[in-house]
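For reference, the structure is listed below as C-alpha cells.
The values are calculated or read from the model by the stated rules, or taken from the named source; none is laboratory data. For clarity, every value in this text was computed on a predicted model and none was experimentally measured. Methodologically, a virtual Cβ is constructed for each residue, glycine included, from the backbone with ideal geometry; neighbour enumeration extends over all protein chains shown.
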Amino acid sequence: MFLGTHTPRLDDKGRLILPARFRDQLLDGLVITRGQERCLYIFPMQEFQRMHEEMRQAPLTNKEARDYQRVFLSGASSELPDKQGRVTLPPLLRTYAGLERDVAVIGAGARVELWDLRTWESYLDEVEPAFADRREEVLPGVL
C-alpha cells in the first residue's frame, strides 16, 4: 500500500526519483498514465495488469468505456526504475499534468499519484474543508 506525501523535484531530464519507501513495490516495473484531476497515476506493473483485465470486461459497444480506455491507455508508459530509483516521465505526460520542477508524490493506496506541487496544494485547499464534513455515505462502513 502506498501512503504519505513526498515533495521531490524533477531533474533537468524530466526524471523523478521515487520516494525510498515506494521503490520496493515499483522495482519490478511500473506504468505511468494520465490520472483524473490532471495528475499522473503510477501503478505497479501487476496492479496495472489487473486493472487492464477489468477494463477488458467492459463491452466494446459501451462508448463511455471506450472513451475512458482510450484516454487512460493511450498515454500509458511502461517504465523500469534505474539503480537510483529514477524513472523518466514522458513529455506527453509531463505536459498533461503541468509538471515542471516541484512535484508532490502522493501515496493513494494501490497507486501513486504525481501532481504539480502548486496544483496539489490548491486541490487540498479546495477539498480539505469538505473532507472534515464528510458523512458515512461517501465510504459506507469505513468511517
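See the values below:
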read-out: Residue match in the stretch 33-42 (condition: at pLDDT 95 or above and touching a Lys or Arg at 6+ places or on another chain (Cβ under 6 Å)); value: yes
read-out: In the stretch 101-136, residue nearest to Gly14 (Cα to Cα) [restricted to those that are of a type in the set (Phe, Trp, Tyr) and part of a helix (DSSP H, G or I)]; value: Trp120
read-out: Some residue of the stretch 6-13 being within 25 Å of Leu124 (Cβ to Cβ) and part of a strand (DSSP E or B); value: yes
read-out: Some residue of the stretch 84-100 being more than 15 Å from the chain's Cα centre (by Cα), surrounded by 12 or more Cβ atoms within 10 Å (Cβ to Cβ), in a strand (DSSP E or B) and touching a residue at least 12 places away in the same chain (Cβ under 8 Å); value: yes
read-out: Residue within the stretch 60-67 that is in contact with a Lys or Arg (Cβ under 9 Å, 6 or more places away or on another chain) and not β-branched (Val, Ile, Thr) present; value: yes
read-out: Residues (among the basic types (Lys, Arg) and either more than 18 Å from the chain's Cα centre (by Cα) or loosely packed, with under 12 Cβ neighbours inside 10 Å (or both)) located in the stretch 26-82; value: Arg56, Lys63, Arg66, Arg70
read-out: Any pair with Cβ under 8 angstrom, 6 or more apart, that starts in the stretch 23-41 at a residue that is touching a residue at least 40 places away in the same chain (Cβ under 8 Å) and closer than 16 Å to Arg86 by Cβ and ends at one that is among the hydroxyl-bearing types (Ser, Thr, Tyr) and part of a helix (DSSP H, G or I); value: Leu40/Tyr96
read-out: Arg86 vs. criteria in contact with a strand residue (DSSP E or B) (Cβ under 6 Å, 6 or more places away or on another chain), basic (Lys, Arg) and under 18 Å from Gly107 (Cα atoms); value: yes
